[in-house]
Amino acid sequence: EKLAAAAEDIGNRLPPLFDTEKVAVQYPTVFEESMNTVLVQELGRFNHMMAIVKKSLSDVQLAIKGLVVMSAELEALGDSIVNGLVPELWKGCSYPSLKPLGSWVNDLLQRLQMFSDWIKEDEPAIYWISGFYFTQAFITGTRQNFARQHTVAIDLVVYTFSTMTPEEGEAVEKGPDDGAFITG
């Protein structure tokens, strides 16, 4: 009963997969804006992971009802969920995380919300860098945008950082002309 309730709860909280084709039209791959490519690639990674999570949750619920065979993989998944751990099946297709299951699900939902907001409201003024599945793609996209805007070889681009006060961060309404504002 505990497994069935947890599987149903997690499954109900997950949003539908992103429509990457629609997003690719809305945010086309263009030379001047590498973040469009980063967005579509991130959505693909999260879609792959969510498809596995959703299918495994559905399968374990069917197995509990006796409609499919409870395989060793589903049993391990169920044991992990009941014990509040992220199942190995999910870890295999997920971003690195040491969080227990409840916190991991909440974190995943926050990440998905960040991308949903990006799609609906346009590129964020401040990126939650910890919310990316593959942070290196974001960093490379930022470097590419700078290198292309200033016609400099990307290998010559180096980072400089400055820290904002919380008040300065709260006052940000749009991204910088060069680089990116990040949090996290």
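The values are calculated or read from the model by the stated rules, or taken from the named source; none is laboratory data. Not measured: the values here are computed from a predicted model. Here the Cβ is made from the backbone with ideal geometry for all residues, glycine too, and neighbour counts use every protein chain on show. In case anyone asks, the SASA skips ligands and DNA or RNA and just uses the protein heavy atoms, side chains included. Shrake-Rupley method; radii C 1.70, N 1.55, O 1.52, S 1.80 Å.
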Table column - 3J(HN,Hα) (Hz), region 128-143, Karplus curve with 6.51, -1.76, 1.60, x for Gly and Pro: 8, 4, 6, x, 7, 5, 10, 4, 4, 5, 4, 4, 5, x, 5, 5
Long-range HN-HN contacts of residue 181 with modeled amide H, under 5 Å: 127
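Not counting the cut sites, what is the longest span of the chain without chymotrypsin sites (Phe, Trp or Tyr not before Pro) that DSSP labels loop and that have at most 12 other Cβ atoms within 10 Å? It would help to have the intermediate numbers written out before the result.
Working: sites that count: 31, 159, 161.
Segment 32-158 is the longest.
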With at most 14 other Cβ atoms within 10 Å, longest stretch of the chain clear of loop trypsin sites (Lys or Arg not before Pro) (DSSP): 66-173
Degrees separating the helix 35-64 axis from the principal Cα axis of the chain, which is the longest one: 10 degrees
C-alpha long axis of helix 2-13 to longest principal axis of the chain, angle in °: 30 degrees
By accessible area with a 1.4 Å probe, ligands and nucleic acids excluded, highest first: order of 135, 29: 29, 135
Å² per residue, accessible surface of the chain at 1.4 Å: 60 Å²
Among the listed pairs 2/120; 91/174; 54/99; 65/91, those beyond 31 Å (Cα-Cα): 2/120; 91/174
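Which FRET efficiency value, to the nearest 0.05, is calculated for residue 47 and residue 164 with the Förster distance at 25 angstrom and r the Cβ-Cβ distance? Write down the numbers at each step before the final one.
Working: r = 33 Å, r/R0 = 1.32.
Computed FRET efficiency for residue 47 and residue 164 comes out at 0.15.
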FRET efficiency, 1/(1 + (r/R0)^6) with R0 22 Å, evaluated for residue 174 and residue 128 via beta carbons: 0.85
Förster-model FRET efficiency, 22 Å R0, residue 5 and residue 69, C-beta, rounded to 0.05: 0.50
Rg over Rh [alpha-carbon atoms, Kirkwood Rh] for region 83-177: 1.04
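Treating only the Cβ of Lys, Arg, Asp and Glu as charged (+1, +1, -1, -1), what charge dipole size does the chain show about its Cα centre? Round to the nearest 20 debye.
On the way: 14 positive and 25 negative charges, 113 e Å.
Once rounded to the nearest 20, the dipole reads 540 debye.
With a ≥ b ≥ c the root eigenvalues of the C-alpha gyration tensor of region 1-131, is it rounded (a/c under 1.5), prolate (a/b larger than b/c) or oblate? Don't skip to the answer; put the middle values down first.
On the way: a/c = 2.66, a/b = 2.13, b/c = 1.25.
Note, shape of region 1-131 comes out prolate.
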